[in-house]
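Here is the structure we will look at, set down as structure tokens.
The values are calculated or read from the model by the stated rules, or taken from the named source; none is laboratory data. Quick caveat: nothing in here was measured; it's all calculated off a predicted structure. Don't worry about glycine lacking a Cβ; one is built from the backbone with ideal geometry, like all the others, and counts go over all protein chains shown. Please note that ligands, DNA and RNA were not included when accessible areas were found on the heavy atoms of the full protein model with its side chains. Shrake-Rupley method; radii C 1.70, N 1.55, O 1.52, S 1.80 Å.
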Amino acid sequence: MPNTARWAATLTLTATAVCGPLTGAAVAAPAPAPAGLYAPSALVLTVGHGETSAAVTPERAVTLTCAPTASGTHPAASEACAELRAVGGDLGILEARNDVKCTKQYDPVVVTVEGVWRGQRVAYERTFANECVKSTYGTAVFTF
């Protein structure tokens with residue numbers, strides 16, 4: 001084989017080896033499109049009777065997704081998401097309503113919230129004196 005033919009064959013094989021996988025990969029697997037413009041907001045809320053979540057078996061659990069739209073098994077998903085947006089996702093600053101009167105019976109209820117709020121991990125636990133007191137905090141988040 002003459003030098004020119006050998007040189008052309010080497011150049012062709014090198015170009016195929018280097019560039020071939022690049023063009024094949026671009027055709028076979030295009031870059032994934034962004035999933036959305038919203039940071040994820042998906043929470044799991046549980047409630048059970050007892051002092052701490054470690055000693056309680058959850059009695060009820062609901063899911064709450066707030067972005068891009070309110071959804072999940074929470075009975076008032078839209079209202080709960082609006083309430084969370086109003087406090088910037090900080091469950092600790094939800095205040096009790098004054099228009100509800102509760103007994104002073106001590107039957108502790110533990111609420112946990114786990115998940116993601118606007119891309120930030122959430123791990124929240126709070127013990128309320130009883131079910132009525134739990135339901136007075138905010139208007140919708142803990143009413144499930």
- Message: If P34 meets every condition in (1) modelled with pLDDT under 90; (2) open to solvent by less than 90 Å² (accessible area, probe 1.4 Å) apart from one, which number is that one?
- Response: (2)
- Item | Failed criterion for A140 (all others in (1) modelled with pLDDT of 95 or more; (2) open to solvent by less than 30 Å² (accessible area, probe 1.4 Å); (3) touching an Asp or Glu at 6+ places or on another chain (Cβ under 9 Å) hold) | (1)
